[in-house]
Each structure stands twice: as structure tokens, then as C-alpha cells.
1. List the residues, sorted by chain then number, that are 5 or more residues from Thr63 or on another chain and whose placed amide H is less than 5 Å from its amide H.
2. With only alpha-carbon pairs counted, each pair once and no self-pairs, how large is the Kirkwood hydrodynamic radius of region 159-264 in angstroms?
3. Where in the chain are the helices, taken as whole DSSP H runs, whose Cα atoms extend 20 angstrom or more along the long axis and whose Kyte-Doolittle mean reaches at least -0.5?
4. Does the chain come out rounded, prolate or oblate by the C-alpha gyration tensor, with a ≥ b ≥ c the root eigenvalues, rounded set by a/c under 1.5 and, if not, prolate when a/b is larger than b/c and oblate if not?
5. Which shape class, rounded, prolate or oblate, goes with region 1-119 when its Cα gyration tensor gives a ≥ b ≥ c as root eigenvalues, a/c under 1.5 marks rounded, and past that a/b bigger than b/c marks prolate?
6. So how many Lys-Lys pairs in region 2-210 land under 24 Å Cα to Cα, not counting same-chain pairs under 8 apart?
7. Mind checking which of Gln116, Phe138, Thr67 is farthest towards the positive end of region 2-210's charge dipole, using Cβ charges of +1 (Lys, Arg) and -1 (Asp, Glu) about the Cα centre?
8. Out of residues 5 or more away from Phe297 or on other chains, whose amide H comes under 5 Å of its own, with H placed 1.01 Å from N in the peptide plane?
Amino acid sequence: RTAAEGMVLLKNTDGLLPLASGQEVALLGVTAYNFIAGGSGSGDVNEAYSVSLEEGLTQAGFTVNETAHDIYRAHRAANEEGFQKPEGTGALFTPFSPPEMQFTADQLADIAASAQVGILTLGRNAGEGGDRKEVDDFLLSDVEQEMLKLSTEAFHAVGKPLVVVMNIGGVIETASWKDLPDAILLAWQGGQEGGNSVADILVGNENPSGKLPMTFPIQLADHASHANFPEGGENLTTMGLMTGFLFPADERPEEEKMRNRDYTHYDEGVYVGYRHFDKAALEVSYPFGFGLSYTQFAYSEPEAVNENDTITVTASVTNTGQRAGKEAIQVYVEKVGSAIDRPLQELKAFAKTQLLEPAATEQLTMQIPIRQLAYWDEEGAQWVIEPGAYRVKIGASSRDIRAEIEIEIEP
């Protein structure tokens with residue numbers, strides 16, 4: 001249930017989800033059968049078991065399409081070495097990433113003819129000891145792009161939907177392909193019960209209420225920090241780690257040091273994530289804080305009171321849809337007419353409702369200590385709170401502000 005609480009519904013055309021139990025679903029992509037419970041290194045544990053998406057959907061009452069399953073079995077048998085999970089110390093630094101399946105158009109046409117819904121899973125595994133990279137990691141691989149394109153065409157040709165489940169631990173590129181499927185669920189890496197958690201969302205036992213903790217950019221280079229980050233994505237090895245520990249290399253002379261390898265300048269300053277995208281007025285694929293539900297919510301006008309060095313913000317949330325659900329509202333604060341260079345707005349508080357039945361309302365109260373509005377004055381070597389007007393905003397994401405109110409701060 002904890003995993004389901006954090007899953008983020010990114011797209012749901014015409015209310016396709018939740019699916020009616022009992023349907024025959026075609027599972028496309030190796031990750032559907034080898035669901036990623038967690039990353040490598042300290043991002044994973046030796047779990048007693050791990051529920052795949054195939055197992056979760058079967059337990060939820062769905063039938064798994066045999067044609068697609070047979071293609072997976074044949075693919076696995078032909079790539080036995082690629083499906084061997086690293087063990088022992090090797091598992092610390094070697095993410096398990098089996099080779100992706102390749103389908104022909106004829107195979108997908110046969111699958112779409114017999115199944116009622118297609119579920120395509122995209123997987124990414126990573127962990128400590130190595131940096132991610134752009135090609136075949138942030139970007140979909142050529143095989144994944146072809147599988148997604150052909151699968152969408154095959155299912156839409158016979159009037160059937162395609163759902164994408166993202167079994168990932170970090171951001172990937174979505175802008176170029178998100179218009180293809182009918183629904184997209186960001187499932188993250190949900191631990192050993194991950195497959196059951198996704199099934200609970202897809203069948204409607206749980207209403208998605210997660211929100212994005214980061215921005216999904218259109219391009220990796222849109223991040224200000226991208227200019228100051230090592231490229232190449234090298235991974236540590238057990239032998240390399242031991243050698244470096246026992247026989248550390250001599251430090252290079254200053255004139256031989258390479259930027260973004262031996263040292264890095266964090267020139268982006270505070271403009272990381274949504275702070276940068278807002279300041280630079282960049283379009284994004286999905287904004288920070290974004291997340292859909294199977295129902296709809298309305299927000300009241302907020303109230304804000306400054307008392308005892310704390311701003312107390314209250315707002316009511318009403319379920320205006322037809323299904324019970326939860327909503328996480330976010331409070332952003334903007335300094336009106338700031339005299340310094342600072343983000344346009346910053347998240348200062350958030351809260352999630354209890355499960356609200358249709359037409360039910362809940363009032364949420366969030367507190368912001370005044371000290372959280374301070375900035376670091378380098379010349380004075382102290383934290384300073386700018387006096388004057390502050391705009392307190394409540395929204396469903398950083399780019400979906402529903403209401404706002406101004407408050408005066410005189411420190």
C-alpha cells in the first residue's frame with residue numbers, strides 16, 4: 001500500500017484507468033516479467049521474494065495473454081546469460097538489466113487481436129557506484145522506441161488501448177512518446193510487493209495520489225546542472241573499488257585536472273529542478289508536483305496568518321468526482337518585488353487529505369516557519385528575511401496554481 005501511495009498517474013485518456021478486472025492483458029517488455037524491486041547498491045536488499053507485474057495482475061483477476069508470454073519465454077531462453085542476476089558483491093555495482101524484447105509487426109498484430117488491453121513496461125535500474133547516462137538510459141533505446149511505436153499502432157488498429165507502466169527509479173525522457181499510449185503510470189521501484197501495488201492501481205483498488213518529486217524535462221540539457229555534470233556514466237567494480245582503496249592513485253597536478261571529472265563547479269547555484277525551469281521559463285514534459293487521480297478535486301481560497309514567527313496556511317479540498325480519492329496540495333511562496341536574485345517560487349509545505357468520498361471536504365492546515373523564507377547574505381555572512389509582501393500559493397503542481405493570497409512579513 002505504501003508503494004501504491006507514491007505511484008504517479010501521468011496520463012489517463014478518456015478515463016481508461018482503472019481497468020475492469022477479468023480482462024485479458026498482453027504484457028510487453030521484459031520488465032513486466034522481471035519487475036525491478038529496487039536499485040543496486042544500498043538501493044536494494046536481498047528480499048525474500050519479489051512480485052512481478054505478471055503475478056500481480058494474475059492475482060488481481062486478469063488473464064495474461066499467452067501469445068505475448070510465449071514470445072517472452074523464447075526471448076529469455078535465447079538470452080540466458082543476460083537474465084542471470086548479479087549476486088554477492090557484484091550485485092552492489094552491476095544493475096540487473098536484461099536485454100529488451102523485439103517484436104515484429106505481425107507478432108504484435110496477433111497479440112492485439114487476442115488481448116483486450118496492452119500493458120507495456122519500461123524499466124530502468126541503477127544505483128550507487130555509477131552515474132546514469134543520456135543514451136539508452138535517459139533516452140529510450142532504439143529497441144524500446146520501436147516496441148512502443150509498433151505496439152501502439154497494433155492495438156489502436158483494432159480499437160484497443162495501450163497502457164505504459166514505468167518501472168524506473170529516476171527521470172527518463174517522455175516528451176517524444178507520451179502522446180502514443182492511452183495511459184501512463186509511473187510505478188517507480190515498489191519493493192518486493194511492487195507487482196501487487198501496480199495491479200491495485202490499475203484495477204482501482206487504490207486511487208493514485210502520488211505527485212512528482214522532480215521535473216520531467218523535455219531534454220536532459222534543459223537542466224542547468226547538466227552543464228556541470230560528468231558525462232559517460234562510468235560504473236565502479238568491486239575490483240576497482242578495492243584497488244582504489246588499497247592503492248589510491250596520486251592526485252593529478254592542478255594543470256592536468258579535467259573539469260567534471262576531477263572537479264566540478266556548481267554554477268547552477270540554487271537553480272536546481274523546478275526553481276530553474278520556472279526562472280528560465282522552460283517548457284517541461286511533466287512539472288514538479290504533477291500527478292493525476294481517478295477523481296477530481298476543487299480547492300478553496302486559502303487563508304494565511306502570521307503569528308509566533310510562523311505562517312499558518314489553511315485551505316479546503318473537495319472531491320468533486322465520482323470515486324473516493326486523496327489529494328496532496330502544495331504550498332509555494334513567492335517574494336513580491338524581491339531585491340535579490342532568488343527563485344520565482346519555492347515549495348514550503350504540502351499535505352495530503354484522508355480518503356475523501358465523492359462530495360466530501362477536508363480542511364488542511366500547513367505551517368511555514370518564517371525562518372524558511374530567509375536567504376543567505378554572503379556579504380553579511382548571515383541569514384536575512386526580506387521584509388514586505390509574500391505571495392502564498394496553493395496548487396496541484398508547480399505549474400498548476402489554484403489560488404493565492406498575499407501576506408506581509410516584517411521581521
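1. Gly22, Gln23, Glu24, Val25
2. 18.2 Å
3. Going by DSSP H runs, the hits are 142-157.
4. Judged from the Cα gyration tensor, the chain comes out oblate (a/c at least 1.5, b/c at or above a/b).
5. The shape class here is oblate.
6. The number of close lysine pairs in region 2-210 is 9.
7. Gln116
8. Here the answer is Thr320, since their amide H atoms fall under 5 Å of that of Phe297.
Coordinate-derived values only; no laboratory data. Predicted model only: the values in this text are computed from it and were never measured. A quick note on method: Cβ atoms are made from the backbone with ideal geometry, for glycine too, and the neighbour counts reach across all protein chains shown.
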